[in-house]
1. Give me the distance in nm between label points sitting 7 Å out from Cα along the Cα-to-Cβ direction at A50 and L14, one decimal.
2. Please report, to one decimal in angstroms, the Kirkwood hydrodynamic radius of the stretch 22-112 built from all distinct Cα-Cα pairs.
3. Between R110 and L96, what is the label-to-label distance in nm when each label sits 7 Å out along the Cα-to-Cβ direction?
4. Trypsin sites (Lys or Arg not before Pro) within the stretch 5-70: which are DSSP loop residues with at most 13 other Cβ atoms inside 10 Å?
5. Is any helix in the chain, taking whole DSSP H runs, at least 15 angstrom long along its axis by alpha carbon and on average at least 0.0 on the Kyte-Doolittle scale, and which ones?
6. Determine the calculated [θ] at 222 nm for the chain from helices alone, applying -39500 (n - 2.57) to every DSSP H run no shorter than 4 residues and normalising by the residue count; nearest 500 deg cm²/dmol.
7. Given a Förster radius of 22 Å and the C-beta distance between N80 and L24 as r, what FRET efficiency does 1/(1 + (r/R0)^6) yield to the nearest 0.05?
8. Please list 36-43, 20-27 highest first by mean number of surrounding beta-carbon atoms within 10 Å per residue.
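Each value in this text was obtained by applying a stated rule to the coordinates, not by laboratory testing. None of these values were measured; they are calculated from a predicted model. So basically every Cβ, Gly included, is an ideal-geometry build from the backbone, and we count neighbours across all protein chains shown.
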Amino acid sequence: MLTLVMKPHFTRHLGDMMRDTLLLAPAGLFYLAYIAGLVYLDSAPALHDAAPERAALQRAIIGAMAYGTYEFTSMSIMRNWSWTMVVTDTTWGAVLTGFSAWAGVMIMMRLQG
């Protein structure tokens, strides 16, 4: 998603403000912390209650909030930020986060049962 969708979309709007190559370490650090927090806050309780759909919904909301925080803040302080960038990235955050929660809980339920 970062290289195939977001980078071309952001490059179209931000031009030379974009790096030529992605720095994967900062993104990796964010996602590791993000996943650890979500497992602790949401997936473990949803697994305990055997409620993968609840995990998906709650994480989708958290995903929209996390990605939206970045997008709406960036739009408020940076030139050339577009509503399509906000909508695309915030939607991606909600879908990715919700689906991964659902899939993780489903996999763990199958392994346990």
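1. 4.5
2. One over the average 1/r among Cα pairs gives 13.9 Å for the stretch 22-112.
3. 2.3
4. Answer by residue number: R19.
5. 24-38, 52-77, 83-112
6. -25000 deg cm²/dmol
7. 0.35
8. 36-43, 20-27
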